[in-house]
Amino acid sequence: MAEKKFPQRIEDNLQGTIVYNIPFPTGDDLSGLKDMSPIVIKYPYSIDYNFSYGQDSPFFAALANGRFIVSREPKTGYTYANPRGHDMYTGRETEWVEIQPEGKIHAFTVCHFGSEAFLPETPFILILVEFEECDTLFLGRLVGVDPDAASLDWIGRKVRGRFLRNAKLKPTDIYFNLAE
Amino acid sequence: MRPVYVVSGGVSKFAKARPDKTFQALVKEAYDYALSDLGIEHEKFVELVDGSVASYFSDHFTRQLMAGIMVQDYLGLCPKPSHRVEGGGATGGICFQEGWKNVASGYMDICLAFGFETMSHVETWKGNEFIALASDVSFDYPVGGFYSGYYAMMVTRHMAEFGTTVEQLAAVSVKNHANATHNPYAQKARRLTVQDVRNAPMVAWPLTREDICVMSDGAACVIFASEEGLAKLEKASGRRLPRVTVAGIGRGTDAMRMADRPHQSYEDFYKFHALPVEESAEARAYYKSLWDKGFRYPGVHSFRAGRSASQQAYRNAGIQDPLKELDFIELHDAYTSSEVQTYEDMGLCRYGEGGPFAVNGKTFMPGVDYGLKLKEKPECPVNPSGGLIACGHPVGATGLMQGVFALWQLQGTIKKHFKDATLQVPNAAKGAIHSHAGTGTYVTVSILEKEK
């Protein structure tokens with residue numbers, strides 16, 4: 001039987017970085033290597049995740065349908081503006097309750113820089129919203145206000161939630177406008 | 001728990017980027033310094049040390065899982081016990097406490113705590129994205145994940161609630177950058193004015209670039225010992241080592257999503273969170289008036305985790321009035337605002353008084369010219385080293401760096417290590433280090449004391 005031939009050599013100029021002529025001592029004296037500049041290489045790194053919203057999924061389904069639901073402890077009535085499957089005080093399972101996303105600005109900032117993912121969106125305004133029906137706050141974006149006119153007077157202003165027409169299944173499917 | 005001595009430490013040069021060394025070799029730089037200061041050769045130390053704790057924050061920055069063991073390996077500590085700790089910005093502070101625990105529990109007589117971060121592996125804005133992944137990726141991160149933004153929201157609430165001003169915050173930046181001009185380890189030593197801070201590019205209103213710490217590459221390590229461990233090290237080095245002990249530790253936590261933090265009543269504040277200095281009738285009346293005006297605790301303006309950590313640490317170290325009893329504090333000033341918030345959590349002043357307290361002079365160093373008019377004399381210098389804002393913040397190393405600087409203060413050896421005596425706190429006998437994560441999710445406070 002004829003012996004199958006396997007290539008003994010890697011074809012090294014078909015893809016990726018090709019380096020020619022990295023300086024290196026030609027003789028036997030390697031003592032200069034301690035003074036060599038470090039080699040820095042750059043390469044991309046990206047991943048696709050299959051991420052489950054788990055028990056918080058109904059919140060995103062609600063946003064996709066233009067509705068806003070919050071998590072309430074059935075006995076004490078303590079209500080979280082963010083989805084939370086179990087109450088932190090009683091340990092009991094919470095129930096979903098629908099509210100109108102209308103509230104007041106509790107705190108805010110205008111981001112003139114941001115993480116790389118959000119740099120193209122700068123300047124953008126982040127707010128923490130107080131809802132009458134909730135004991136905790138809700139983080140969202142405020143839209144339709146001059147970001148260069150930031151002022152502490154914004155705190156306490158009334159805001160109303162508005163939904164993206166085409167849901168992206170992110171918490172940004174709801175954003176806020178001033179209500180007055 | 002048995003007594004634990006902090007016997008030596010080392011800090012690598014912190015810099016925007018250290019491409020000259022891998023993270024293993026960066027730690028080795030700090031480790032070699034600690035050993036040389038101890039007067040012990042590596043071979044002897046390896047014979048004596050029982051194990052280690054490793055700290056680094058982000059697997060994203062290293063793009064290397066189990067980087068802790070790679071340091072253990074490089075230092076030549078295998079097969080001794082070790083583990084890695086992680087807790088956001090407080091990673092280094094947690095590592096310090098785990099090192100203490102290894103010895104206090106009797107598990108080890110000599111323990112090395114080492115930490116590092118190599119944040120230059122990605123561009124700054126990608127780095128901000130990695131850091132923002134330390135916020136809830138389902139609810140906080142997608143809205144505009146950016147830690148400076150989260151802290152800026154706390155600031156606006158602090159300002160609205162208490163009348164804190166941006167100039168008061170800027171004074172913290174002036175102080176810490178000026179202190180750092182005497183610290184050769186600092187990454188960003190500068191002489192600034194309040195106006196310089198305000199004129200710097202706005203990052204997240206109202207915080208400018210000079211209100212915010214920078215990203216760094218760097219490493220630090222601290223060596224802990226029991227009585228027996230100390231005796232072994234002294235025998236090996238042939239000299240008596242300065243006695244600095246860990247007098248007490250404390251740690252606190254809070255909700256990951258800042259929005260989920262509670263807004264507690266006056267009664268609950270006093271039941272769970274008040275410090276001994278807040279028990280007077282006058283303090284109670286002050287707080288009652290805050291609650292009458294609508295103040296709720298902790299809200300987003302205060303760090304319940306920082307208060308909880310302080311309470312435990314003070315209780316363990318027998319501290320009643322921290323401002324009077326602590327000679328200095330190295331605290332986690334990732335933002336000028338968080339330094340001001342932390343004054344309140346640590347009980348240096350009352351909640352709501354952090355702004356005026358920041359500019360009254362009590363937290364400044366004697367002997368440093370800040371170009372500011374300060375009404376009062378220094379009482380408890382805060383961040384004499386320059387803090388995170390000026391030294392840099394290679395996350396896993398930061399809390400340990402604080403431990404090293406605190407050790408040198410208590411040994412009275414700042415001049416030896418900084419080649420400049422300006423930052424030596426006179427007669428330093430007791431100091432605190434404070435490490436802080438997330439929007440206040442993990443906070444550690446450790447008290448170090450010179451043995452009388």
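Before moving on, here are some points about what is shown:
- Positions within the range A:90-115 being touching a strand residue (DSSP E or B) at 6+ places or on another chain (Cβ under 9 Å), in a loop (DSSP other than H, G, I, E, B) and among the polar types (S, T, N, Q), in sequence order: A:Thr94, A:Gln100
- The number of residues in the range B:277-304 that are over 21 Å from the mean Cα position of the chain (by Cα) and surrounded by 17 or more Cβ atoms within 10 Å (Cβ to Cβ) comes to 8.
- Residues satisfying the stated conditions in the range B:40-53, i.e. of a type outside the set (A, V, I, L, M, F, W, C) and surrounded by 22 or more Cβ atoms within 10 Å (Cβ to Cβ): B:Ser52
- Considering the range B:113-172, and only residues there that are among the β-branched types (Val, Ile, Thr) and surrounded by fewer than 21 Cβ atoms within 10 Å (Cβ to Cβ), the residue that is nearest to A:Lys168 (Cα to Cα) turns out to be B:Val137.
- Subset tally (residues that are touching a helix residue (DSSP H, G or I) at 6+ places or on another chain (Cβ under 8 Å) and either aliphatic (A, V, I, L, M) or without any contact (Cβ under 8 Å) to a residue 40 or more places away in the chain (or both)) for the range B:359-403: 13
- Listed conditions (1) of a type in the set (Val, Ile, Thr); (2) out of contact with any strand residue (DSSP E or B) (no Cβ under 9 Å at 6 or more places or on another chain); (3) within 14 Å of chain A (Cβ to nearest Cβ) are all met by B:Val155, apart from (2).
- Residue in the range A:89-102 that is of a type in the set (Lys, Arg) and more than 23 Å from the chain's Cα centre (by Cα) present: yes
- For A:Phe118, the conditions (1) within 10 Å of chain B (Cβ to nearest Cβ); (2) part of a strand (DSSP E or B); (3) buried (at least 21 other Cβ atoms within 10 Å of the Cβ) are fulfilled apart from (2).
- Restricted to the range B:1-39, and to residues there that are of a type in the set (A, V, I, L, M) and buried (at least 23 other Cβ atoms within 10 Å of the Cβ), the residue that is nearest to B:Gly248 (Cα to Cα) is B:Val4.
- Unmet criterion (only one of (1) under 27 Å from B:Gly318 (Cα atoms); (2) of a type in the set (Lys, Arg); (3) surrounded by fewer than 20 Cβ atoms within 10 Å (Cβ to Cβ)) for B:Arg307: (3)
- Meets criteria (outside any loop (DSSP other than H, G, I, E, B), farther than 30 Å from B:Pro19 by Cα, without any contact (Cβ under 8 Å) to a residue 40 or more places away in the chain and in contact with a Lys or Arg (Cβ under 6 Å, 6 or more places away or on another chain)) for A:Ser57: no
- Qualifying residue in the range A:151-172 (condition: closer than 20 Å to B:Glu129 by Cα, of a type in the set (S, T, N, Q) and modelled with pLDDT under 95): no
- Helices (runs of 4 or more DSSP H) completely within the range B:20-112 that count 2 or more residues being farther than 17 Å from B:Ala225 by Cα and touching a helix residue (DSSP H, G or I) at 6+ places or on another chain (Cβ under 9 Å): B:23-38, B:59-62, B:67-75, B:91-104
- Considering residues of the range A:140-159 that are free of Cβ contacts under 8 Å to residues at least 40 places away in the same chain and assigned to a strand (DSSP E or B) only, the residue farthest from the other protein chains (Cβ to nearest Cβ): A:Leu142
- Being aromatic (Phe, Trp, Tyr) and in contact with a helix residue (DSSP H, G or I) (Cβ under 8 Å, 6 or more places away or on another chain) is true of A:Phe68.
- Scanning the range A:124-146 for residues that are surrounded by fewer than 17 Cβ atoms within 10 Å (Cβ to Cβ) and of a type outside the set (Gly, Ala, Ser) yields A:Glu132, A:Glu133, A:Val143, A:Asp146.
- Residues that are among the polar types (S, T, N, Q) and touching a residue at least 40 places away in the same chain (Cβ under 8 Å) were ranked within the range B:126-152; the one that is nearest to the other protein chains (Cβ to nearest Cβ) is B:Ser148.
- Filtered by the rule that a residue be over 14 Å from A:Gln100 (Cα atoms) and in contact (Cβ under 8 Å) with a residue 24 or more places away in the chain, the range A:64-78 gives A:Ala64, A:Arg72, A:Tyr78.
- Among the residues of the range B:408-452, those that are out of contact with any strand residue (DSSP E or B) (no Cβ under 7 Å at 6 or more places or on another chain) and part of a helix (DSSP H, G or I) comprise B:Trp408, B:Ile414, B:Lys415, B:Lys416, B:His417, B:Phe418.
- Where B:Asp327 falls short, out of the listed (1) acidic (Asp, Glu); (2) out of contact with any helix residue (DSSP H, G or I) (no Cβ under 6 Å at 6 or more places or on another chain); (3) surrounded by fewer than 18 Cβ atoms within 10 Å (Cβ to Cβ): (3)
- In the range B:253-299, the residues that are part of a helix (DSSP H, G or I), in contact with a helix residue (DSSP H, G or I) (Cβ under 8 Å, 6 or more places away or on another chain) and basic (Lys, Arg): B:Arg284, B:Lys288
- Matching option when the condition is touching a Pro at 6+ places or on another chain (Cβ under 9 Å) and buried (at least 23 other Cβ atoms within 10 Å of the Cβ), among B:Arg209, B:Arg257, B:Arg261: B:Arg261
Yes or no, residue by residue, for (1) within 20 Å of B:Gly392 (Cβ to Cβ); (2) within 14 Å of chain A (Cβ to nearest Cβ); (3) not in a strand (DSSP E or B):
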position: B:Val203; (1), (2), (3): yes, yes, no
position: B:Glu210; (1), (2), (3): yes, yes, yes
position: B:Val214; (1), (2), (3): yes, yes, yes
position: B:Ala219; (1), (2), (3): yes, no, no
position: B:Phe224; (1), (2), (3): no, no, no
position: B:Gly229; (1), (2), (3): no, no, yes
position: B:Leu233; (1), (2), (3): no, no, yes
position: B:Pro242; (1), (2), (3): no, no, yes
position: B:Ala247; (1), (2), (3): no, no, no
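- Flag for B:Asp32 being closer than 15 Å to B:Ile223 by Cβ, away from chain A (no Cβ under 14 Å) and free of Cβ contacts under 8 Å to residues at least 24 places away in the same chain: yes
- Residue that is nearest to the chain's Cα centre (by Cα), among those in the range A:103-115 that are farther than 20 Å from B:Val166 by Cβ and facing another protein chain (nearest Cβ under 7 Å): A:Ser115
The values are calculated or read from the model by the stated rules, or taken from the named source; none is laboratory data. All values reported here derive from a predicted model rather than from experimental measurement. A quick note on method: Cβ atoms are made from the backbone with ideal geometry, for glycine too, and the neighbour counts reach across all protein chains shown.
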